[in-house]
Amino acid sequence: LGDSFKDSESKVAKYHEQNKSPPSYHHSQWLAFDRTNTGDNAIFQVSINSPNNLDAMIWIDKKNKLKKLISKQINDNPEDFSKLVKNLPSIYYVGTQYDEEDPTEIQIGDGISDEFVESIKNNLVKKEYHFYIAKKYSKNEAIESGTNIVDEISNIFETLVPISDFLLSSNNDPNTSPLLQFLKKEMNMKANFQPIVLKALLEQGTENNFSI
């Protein structure tokens, strides 16, 4: 992935529901990545959601705790949201989806109306709705792309970074300590050593006038 994802961590979907007998298998599979302003929410996703479809997208699941922030941002700034979406490639899709039903979506090249933005605003406040912005590939398109599909997905994610930054702008904390970010994201240590290290850092911080 590009520089926007240099500190990114990934997550992979479980292909079946555990602790069920017989096993219940999902009809989809995904690989997702987070960024600094998404916290532990991996919203940049590559999804095989049917035998004939691959999507590279921003996906906000109905249970995602960022959904309220995104809903408020769109409600407070509908014109800015509409402008950013219209500036995306015309072949991308934007939409909402109720639970597992067919989505309500539109291809950007077909035009993003005020009424459609209003429908997104109305649906996002409801518990059972997902939200997404996606580039879609048919099975044949994905296969024909060969290994170039990796670069294409990386480029799609970079294209979606500005609108994700807009949607999550209220999730950016300018007071977040770089040291705290390092401890959360980069420093790997056994749990029983963490209190000792934090205590030492706090003691040194008091002496040197910095904090976490």
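Laboratory data are not the source of any read-out in this text; all were calculated from the coordinates shown. Values in this document were obtained by computation on a predicted structure and should not be read as measured data. Cβ placement follows ideal geometry from the backbone for every residue including glycine, while neighbour counts extend to all protein chains displayed.
Report the local net charge at Asp151: Lys and Arg +1, Asp and Glu -1, summed over other residues whose C-beta lies under 15 Å from its C-beta.
Numbers: positive: Lys135; negative: Asp3, Glu141, Glu144, Glu152, Glu158.
Summing Lys/Arg as +1 and Asp/Glu as -1 gives -4.
In the structure shown, do any of Lys6/Lys127; Lys72/Lys139; Lys68/Lys139; Lys6/Lys126; Lys11/Lys68; Lys83/Lys139 have a Cα-Cα gap over 29 Å, and if so which?
In this structure, Lys6/Lys127; Lys72/Lys139; Lys68/Lys139; Lys6/Lys126; Lys83/Lys139 exceed 29 Å between Cα atoms.
Pairs of alpha-carbon atoms within less than 8 angstrom and 6+ residues apart define the contacts here; what relative contact order does region 64-152 have, in percent?
On the way: 85 pairs, mean separation 26.7, N = 89.
The normalised contact order for region 64-152 reaches 30 percent.
Efficiency by 1/(1 + (r/R0)^6): what FRET value for Asn53 and Thr104, r their Cβ-Cβ distance, R0 = 22 Å, to the nearest 0.05? Display every interim value, and only then the final one.
Values: r = 17 Å, r/R0 = 0.78.
Efficiency, rounded to the nearest 0.05: 0.80.
Among residues other than Gln97 whose Cβ falls under 15 Å from its Cβ, what is the net charge (Lys/Arg +1, Asp/Glu -1)?
Details: positive: Lys62, Lys63, Lys67, Lys126, Lys127, Lys136; negative: Asp55, Asp61, Asp99, Glu100, Glu101, Asp102, Glu105, Glu128.
Summing Lys and Arg as +1 and Asp and Glu as -1 gives -2.
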